[in-house]
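Peer 1: Have a look at this one before I ask anything.
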Amino acid sequence: MSNTVQIGKSEVNAVPLGLGTNAVGGYNLFPDLSDQDGLQLVKAGLESGITLLDTAYVYGLGHSEELVGQAIKDFNRHDLVIATKGAQDFTTGEQVIRNDPDFITQQVEASLKRLNTDYIDIYYLHFPDHDTPKAEAVGALQRLREQGKIRAIGVSNFSLDQIKEANADGYLDVVEDEFSLLHQDHGADMLPYLKENNISFVPYFPLASGLLTGKYTQDVTFPADDIRSQIADFQEPRYSAILKAVDHVRPIADAHHATVAQTVLAWYLHNPLISVVIPGAKKPEQVSANAKALTVTLDELEYQAIDDAFEAFKHTTSGKSLADPE
């Protein structure tokens, strides 16, 4: 077992490379997904030494949670770290973001059933709403923690001010948000606050929808129903600048007999402000390959060289890959 990291002040410990499962049952996010592939994806991750599985209600409106629940049946539940998220209410037919205590409590109970488990290791408020005092929403999660239904409390896609409000009583263990070599918007403000307050940080989209894997070339297009067709990173002139920065990673990857993706993931693993990185995948072999990043140890010069190659992206305010729901 690889070294593990503690999630905030909780008793949850995870291998620092996890698996994002939006392509497991997330039929509303990606075209042509199969349940069987999703199950194999999760199993491949667990068999490769990954312990943290990150899912959410909105990935397939509960279907991802159901598939994760099925996939973990053959594994020791106590060795696993299951993270899920909720805040979306579709009862009117339209998506409404809610953080009110009653709704969040119902969401946790529903997630427990779908995951077929009696506790969730990390539960995140997936997005902030406009009305609920954040400390009240976190207070509801704290009551669920006291009941043994969740083990660590998180928020996702919250601003720094909202994080501070959510942590008013010191209950917050972990924050999840978009962060990558291409999207370093939080580097100057949020991350130092989290470190100072012993709150873990889990970046999502660490490979920037595949852009940081080194697989893309100048001539690429996506169908309208592919999530990548909506992402600013794939528009010029930013796209060419990204490809140029990725080229600087290749010799470092070669020196480690690793892929570009594994080397980029190793950069996150080396970063003292990051606790667990959760790349997604669509194929089992991608998960197994990503897990090998745990064996790539960058020295300080290599870490800095990659950091320098993406220096320009620390000063762009392109925002997130996908817009927050209103």
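Peer 1: Please indicate, with yes or no, whether at least one residue in the range 282-292 is touching a Phe, Trp or Tyr at 6+ places or on another chain (Cβ under 8 Å), at pLDDT below 95 and under 28 Å from Gly26 (Cβ atoms).
Peer 2: Within the range 282-292, one or more residues are touching a Phe, Trp or Tyr at 6+ places or on another chain (Cβ under 8 Å), at pLDDT below 95 and under 28 Å from Gly26 (Cβ atoms).
Peer 1: Return the residues of the range 5-21 that are surrounded by fewer than 17 Cβ atoms within 10 Å (Cβ to Cβ) and under 14 Å from His78 (Cα atoms); say none if nothing qualifies.
Peer 2: Glu11, Asn13
Peer 1: Something else about it: Could you please let me know if Lys195 is out of contact with any Cys (no Cβ under 7 Å at 6 or more places or on another chain) and more than 18 Å from Ala241 (Cβ to Cβ)?
Peer 2: Yes; evaluated as a whole, the condition is true for this residue.
Peer 1: Filter the range 272-288 for residues that are polar (S, T, N, Q) and buried (at least 20 other Cβ atoms within 10 Å of the Cβ) and give the result.
Peer 2: Hits for the range 272-288 are Ser275, Gln286.
Peer 1: Moving to a separate point now. Based on what the data block shows, is Leu298 farther than 21 Å from Asp177 by Cα, buried (at least 16 other Cβ atoms within 10 Å of the Cβ) and in contact with a strand residue (DSSP E or B) (Cβ under 9 Å, 6 or more places away or on another chain)?
Peer 2: Answer is no for this residue.
Peer 1: Go through the range 75-112 and report how many residues are more than 20 Å from His130 (Cβ to Cβ) and small (Gly, Ala, Ser).
Peer 2: 3
Peer 1: Scan the helices (runs of 4 or more DSSP H) fully inside the range 35-128 and keep the ones with 3 or more residues being within 23 Å of Leu172 (Cα to Cα) and modelled with pLDDT under 95.
Peer 2: Per the criteria, no element qualifies.
Peer 1: Working carefully through the options Ala253, Ala241, find the one that is under 25 Å from Gly187 (Cβ atoms) and modelled with pLDDT of 95 or more.
Peer 2: Ala253
The values are calculated or read from the model by the stated rules, or taken from the named source; none is laboratory data. Keep in mind that this is a model prediction, so the values were computed, not measured. Cβ atoms come from the backbone with ideal geometry, glycine included; neighbour counts cover every protein chain shown.
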